[in-house]
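The values are calculated or read from the model by the stated rules, or taken from the named source; none is laboratory data. Model, not experiment: these values are computed from the prediction. Please note: Cβ atoms are built from the backbone with ideal geometry, for glycine as well, and neighbour counts cover all protein chains shown. What goes into the accessible areas is simple: the full protein's heavy atoms, side chains included, and nothing from ligands, DNA or RNA. Shrake-Rupley method; radii C 1.70, N 1.55, O 1.52, S 1.80 Å.
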Amino acid sequence: MAYIGAPQEPGCLFCGVWEASPADDRQNLVVHRDTQALAMMNKFPYNNGHLMIAPRAHEGSLTGLDDQQLLSLMQLARRSLSVLEGVMHPEGFNVGVNVGQVAGAGIPDHVHVHVVPRWNGDTNFMPVLGEVKVINEHLDSTWEKLSEAFASSPAQSS
């Protein structure tokens, strides 16, 4: 609630992370970056391991990306699935893009792909009755596991 009630910093979250030093990746929850796309953990995840894959380009829609930017984004999304499978062993995934605020985009000016690991029974009564989402691992622990896995996993080629 402190975050939600606090004044929001101006500017784009993803552009700010791109401009930050890679030395700040842990603080910014970035688990991997390459020249055209980055993978960062969602600070308010739907589930443990919820990643957001963002291109370097500040575009609000996939249609604004050129072919190489789109390819890099999708390659990192695919690599993220592999890393999450190896580290967290989910039973499935939700992978999606919300284009435009009306479609649910929390950051409508910078397109990004959500990769959400799913397990049978991961939705329970807490969000419905308690308006609370229980995450069973601290973000720092998840960051450590995922950043190590990205560092040791080979990039997949096209």
(message) At a 10 angstrom cut-off on C-beta neighbours, averaged per residue, how do the peptides 47-57, 103-113 rank from highest to lowest?
(response) 47-57, 103-113
(message) Can you give me the solvent accessible area of F44 with a 1.4 Å probe, rounded to the nearest 10 Å²?
(response) 120
(request) With an 8 Å cut-off on Cα pairs and a minimum separation of 6 or more residues, tell me the relative contact order of the range 12-151 in percent. (result) 28
(message) Which GluC sites (Glu not before Pro) in the range 16-119 sit in a loop by DSSP (not H, G, I, E or B) and have at most 13 other Cβ atoms within 10 Å of their own Cβ?
(response) E91
(message) Taking 0.36 nm per residue of sequence separation and subtracting the Cα-Cα distance, how much length would be gained by fully extending the chain between D67 and D24, in nm to one decimal?
(response) 12.6 nm
(message) Can you tell me the convex hull volume per residue for the range 1-93, based on C-alpha atoms, in Å³ to the nearest whole number?
(response) 123
(message) Limiting things to C-alpha atoms, what are the Rg and the maximum Cα-Cα separation (Dmax) for the chain, in angstroms?
(response) 15.5, 45
